1. Could you give the spread of the C-alpha atoms of the stretch B:91-245 along their three principal axes, from largest to smallest, in whole angstroms?
2. If you look at just the Cα atoms of the protein assembly as shown, how large are its Rg and its Dmax in Å?
3. What percent do you get for the relative contact order of chain A when only Cα pairs under 8 Å and 6+ apart count?
4. What's the average, rounded to a whole number, of partner chain beta-carbon atoms within 10 Å of each residue's beta-carbon in A:35-45?
5. Please report, for residue B:8, the nm distances (one decimal) from its label point, 7 Å out from Cα along the beta-carbon direction, to the equivalent points in the remaining copies, shortest first.
6. In peptide A:272-282, what is the residue-averaged number of other protein chain Cβ atoms found within 10 Å of each Cβ?
7. Please give the peptides B:206-219, B:137-150 ranked by average Cβ packing (other Cβ atoms within 10 Å per residue), highest first, as a rough proxy for protection.
8. Pick out which of A:392, A:226, A:235 has the largest mean-square fluctuation in a Gaussian network model of chain A, springs linking Cα atoms closer than 10 Å.
């Protein structure tokens, strides 16, 4: 219609860079140490197939209506009961089903954060969460993690200083305390207690992302932050790691006041009730504890294979924390190593990983890399780590030449 | 943990009132003239049941992975081909699948609108859209509709005056040009042409909500605004009215630049690919044109039954436009009638409708009511309209007594 279209100024809130999920290019024949995906062969396909047919046959018309059949109610009850295993007591009206925990992060951010408000995060942190905070025009400040999770002492210092200097207290602190993505670390019980004390003393919300908590390799139990301070912790979890990410179903547990506000934003009401009907049929007749036990045993073995391969092929060139659960090993290289400089070379050798910088709000983290042991086979882990080492040593060889 | 919790100031952007979808209370035995839902008995349940089983059996593991199996790709192609029927030519990278068109509205708003920006809407308008604009902290201005859709002449005057006086031009104009919810009217071809000329001259985006366009009772064709100005129209549609709302799948068609920006906000990447696999199986083997022809014939009959019942029971007490498609008849009562004052009485008699005021950004529209003829049976329509008339005449009888 027109050849001279005027430029249009889009909203400032749009992040300028895509989150990693939409930018990583990989090929089908790669060994995907980059994919933070569950192992497909552990999906409960047979049960799900039967459940899908049952759900449609028994509740088809209602399942296709906005409000669904009994499914959404059954799922809430399942979440309520399963949460008790982790020490979380919640009324049904404190639970809200979301499109994966990513939507939970986005909704929580939108109810808490106005443009210019402060959000504190861990460094490294989950890239989709960082993207939500950018989209909310939050000012993001990062706090490092160590072997025991985020450095709560540094958070405390920053709060003390902010209050003393009249600078803003965060509205929200986002943390993944258990089996951190990508760090693989778990927040100690002592730090958990201190963190919620700080949330109370300084009146901010904690957004607790517990996506990996069912994948427990050690039997050690850590209380969810929510159980320590339900009034100011918004708890997020998801079926993505335990049933299948394609369902895109997660949940939020929070104070009723918070849930009411999220409902106001959760435009259009019901989350895909059709999928909920199918999932409800599945969990109704499903030995869930056996399933997660099997998942945990499998992933623990994968973790051990990866850790051994890393020690064998990288020796002293990397350090990492052996995760107590979850999907990831977070590699630390020497400070002068820049993983972004050889990620393409690694890809050309047939192995993918995620560059450290993707997990930081600020330009940093170049000497880290995230490997995921969940999606690939043991054989691929061994071969992938070998290829990765080839790429790395080729890179530092070139580095050595360059600096000589 | 605490008995003296400090108050917390949530984000300003949270709307203070719920959208109608979450606040209307109805009972199962009511005649639901309030529900803007598709008729459940017209859902393609048998085909969907087979598709669900096939999708899981054939593609189960991949369907449960983030990216899915062939489903998401097939759906994009189906949308592309079906859009051609309506004159819309779009490349695959101009199409984005969303969680219903409500998410499409929300995403489009978030990429276009900063707090304080202006959004122009029709009065009446779709309540979930109004909720999105409030959540984006937009300044909302309304323009009335008549029999030929929104009053584009008034929009033009307002643009001329705004430019002359140095006041803001809208970033976005939201319209449902075809089979308007709740107004039932359709924007004339002449007005369509003028509206896109204005969008070009004043450089704003049109958000075109085309949710009902397949439900065509007359055979009359109206070009989607998108076809007239693809650079500045964001087109939304949904499977909710034609397959089933429980799927919560819709789509956006827009300029590639717009789609890229939406992708940046569409946090967490893939929309529930599991549901997409099932839907893809369905539409692969589905006589879609026959299906929408049957839907349209059925809803046209329902509309006629409702219109006749309204004339019989209300006579000169209401006026309405006979819709050429869609789900709704929009009743106008005398100016002194306030439908909010007898909606409860109607409920107590067993019939629900939606009060006019729910569809307006400002406090107005009290003498309107929305009736939906899609969800209920013919017998229920006849009985429901009779009960509604009983309630209304009881109300105006009391009014007459009150004013005498």
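1. Principal-axis extents of the Cα atoms in the stretch B:91-245, largest first: 47, 30, 30 Å.
2. For the protein assembly as shown, the Cα radius of gyration and maximum Cα-Cα distance read 27.7, 103 Å.
3. On the way: 701 pairs, mean separation 95.4, N = 404.
Computed value for chain A: 24 percent relative contact order.
4. Details: counts 3, 1, 4, 3, 1, 5, 1, 1, 6, 2, 7.
So the per-residue partner count for this stretch is 3.
5. Listed shortest first, these distances are 3.6 nm.
6. Working: counts 11, 5, 14, 7, 1, 2, 5, 1, 0, 0, 0.
Mean shielding by partner chains, rounded to a whole number: 4.
7. Details: B:206-219: 22.5, B:137-150: 18.5.
Highest-to-lowest ranking by the protection proxy: B:206-219, B:137-150.
8. Among A:392, A:226, A:235, the largest mean-square fluctuation in the Gaussian network model of chain A belongs to A:392.
Laboratory data are not the source of any read-out in this text; all were calculated from the coordinates shown. These numbers were taken from a predicted model, which means no experiment stands behind them. All Cβ positions, even for glycine, are placed from backbone atoms using ideal geometry, and neighbour counts span all protein chains on display.
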